[in-house]
Amino acid sequence: MSKPPTIIFALESSCDDTSAALVADGLEVLSNVVAGQDCLHGRFSGVVPELASRAHIEAIGPVIAEALAGGGVGQDRIAAVAVTCRPGLIGSLLVGLMAAKTLAYVWGKPLIGVNHVHAHAYSPSLGGEPIGYPVVALVASGGHAALYHCQSPTEVTALGQTIDDAPGEAFDKVANILHLGYPGGPAVERMAREGTAGAVPLPVTLLKDGSLDFSFSGLKTAVLYHVNGVPGARLSPDAAGRKGPGYGKGAENLTRQELADIAASFQAVVAEILAVKCRRAVEYSGARSIVLGGGVARNSVVRARVEEMANRLGCPLRMPAMAYCTDNAAMIAGLAYHQYLAGDLADLDLEASPTIRV
Ligand code: KG4
Ligand code: ZN
């Protein structure tokens, strides 16, 4: 008789998605319920922390109930309760953490605290075969840009991170500059389909030779100056002496084609930066496989450019299914399964931390 699967119940509430999931043996997603808050934050063009934590409080009960009902397994079959404990918005994290502690206590199950960004690096496994380690993992999301060398799901060494904005944040801010709506990533991608990449010259910021860190704020500012003009010199050309189409006009005065060309050019530069950093990390670490995760991994141009780079390097590439790119509790349950096997359990003193370290 085969061994019954180890089922983990997980909660995720680190930013603006309330999610609960049941995952068997770290791979098979039995249920994954996500309640987003885009309508709430859209008019502010970004996540408002206080609104986010209040919305988590309202959503967490129904989301838990739906995930438990949808998974088709009773509480007796659940091995442990996992929860994102870092990094994230502290008020948001605390809602999931308190709910998870309560369930672990009432059900008498072990509690597991999971690093959200490491879980993004694990997400390509969900619904598929286990990842073949070691790998270089690139996480590109709304709050993070991180490169890791992973020896296993739980042995993760940081190679690089963003020194300013995250790539998803840059997508959201560029969408705001172009008046395309929120969340910005999908809006920029849609608009970019009508444009030509490279039509607007933008800086490909790679930092110093061999650096595995990221910087996206210069790129975002270049788009801002291209659209709205350089402050104090609204009508003057840019640093390279160019007066590109729409230079300094403001988004409301740009044609649809001009907006599309900016979106396509910006998106191509983000994809290029991510692909080059993957190549550098492979060369640096010696790992011969790549995994990509995070909300920006939903972007078709990013996926294609990183895939092209991986093929050129002869490295297999794993990317998450679309549903597991953006924040979800299935990836938390998936990684928690490996922590469970490794005996990495928490107790009811588990704390939330807004930072990636701790
Ligand atoms: O992973 P995620 O849900 O949250 C964080 O952990 O931060 O990522 C959300 C980010 C947002 O910034 C959103 O604009 C971006 O992922 N995103 C995209 C796309 N879909 C979502 N960025 C580019 N293209 C997309 N299609
Ligand atoms: Zn995330």
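Just for the stretch 1-14: of the residues that are touching a residue at least 24 places away in the same chain (Cβ under 8 Å) and surrounded by fewer than 24 Cβ atoms within 10 Å (Cβ to Cβ), which one is farthest from ligand 1 (Cβ to nearest atom)? For the stretch 1-14, the residue satisfying everything is 4. Considering only residues that are away from ligand 1 (no atom under 15 Å from the Cβ) and in a strand (DSSP E or B), look in the stretch 149-182 and name the one that is surrounded by the fewest Cβ atoms within 10 Å (Cβ to Cβ). Going through the qualifying residues, I end up with 157.
Can you go through 330, 336, 346 and tell me which one is assigned by TED's automatic domain parsing to the domain that holds residue 26, more than 16 Å from ligand 1 (Cβ to nearest atom), closer than 18 Å to residue 118 by Cβ and at pLDDT 95 or above? Spell out the reasoning first.
Numbers: 330 fails: more than 16 Å from ligand 1 (Cβ to nearest atom); 346 fails: assigned by TED's automatic domain parsing to the domain that holds residue 26.
Every option except 336 fails the conditions.
Given the residues 139, 73, 114, 95, which is the only one that is surrounded by fewer than 22 Cβ atoms within 10 Å (Cβ to Cβ) and either within 28 Å of residue 289 (Cα to Cα) or more than 15 Å from ligand 2 (Cβ to nearest atom) (or both)? Break it down into steps so the answer makes sense when it comes.
Values: 139 fails: surrounded by fewer than 22 Cβ atoms within 10 Å (Cβ to Cβ); 114 fails: surrounded by fewer than 22 Cβ atoms within 10 Å (Cβ to Cβ); 95 fails: surrounded by fewer than 22 Cβ atoms within 10 Å (Cβ to Cβ).
One residue alone meets the criteria, 73.
No other residue among 120, 116 is under 18 Å from residue 14 (Cα atoms) and touching a Pro at 6+ places or on another chain (Cβ under 7 Å) apart from 116. The set of residues in the stretch 144-182 being under 22 Å from residue 192 (Cβ atoms) and within 16 Å of ligand 2 (Cβ to nearest atom) consists of 145, 162, 165, 166, 167, 168, 169, 170, 171, 172.
Against the condition at pLDDT 95 or above, assigned to a loop (DSSP other than H, G, I, E, B), among the polar types (S, T, N, Q) and within 16 Å of ligand 2 (Cβ to nearest atom), how does residue 355 come out, does it pass? So residue 355 fails the test. Are any of the residues in the stretch 319-329 touching a strand residue (DSSP E or B) at 6+ places or on another chain (Cβ under 6 Å) and either more than 25 Å from residue 110 (Cβ to Cβ) or more than 15 Å from ligand 2 (Cβ to nearest atom) (or both)? Yes, some residue in the stretch 319-329 is touching a strand residue (DSSP E or B) at 6+ places or on another chain (Cβ under 6 Å) and either more than 25 Å from residue 110 (Cβ to Cβ) or more than 15 Å from ligand 2 (Cβ to nearest atom) (or both).
For the stretch 306-316, how many residues are more than 17 Å from residue 141 (Cβ to Cβ) and in a helix (DSSP H, G or I)? Can you show your working first?
Of the stretch 306-316, the ones more than 17 Å from residue 141 (Cβ to Cβ) are 307-316.
Checking the rest, the ones that are also in a helix (DSSP H, G or I) come to 307-313.
Qualifying residue count for the region: 7.
Filter the stretch 274-302 for residues that are of a type outside the set (A, V, I, L, M, F, W, C), away from ligand 2 (no atom under 16 Å from the Cβ), within 17 Å of residue 141 (Cβ to Cβ) and crowded, with 18+ Cβ neighbours inside 10 Å and give the result. 277, the sole residue that qualifies. From the list 198, 181, 218, the one residue that fits, being more than 14 Å from residue 270 (Cβ to Cβ) and small (Gly, Ala, Ser), is 181.
The values are calculated or read from the model by the stated rules, or taken from the named source; none is laboratory data. These numbers come from a predicted model, not from an experiment. In this analysis, Cβ positions are derived from the backbone assuming ideal geometry, glycine residues included, and neighbour counts consider all displayed protein chains.
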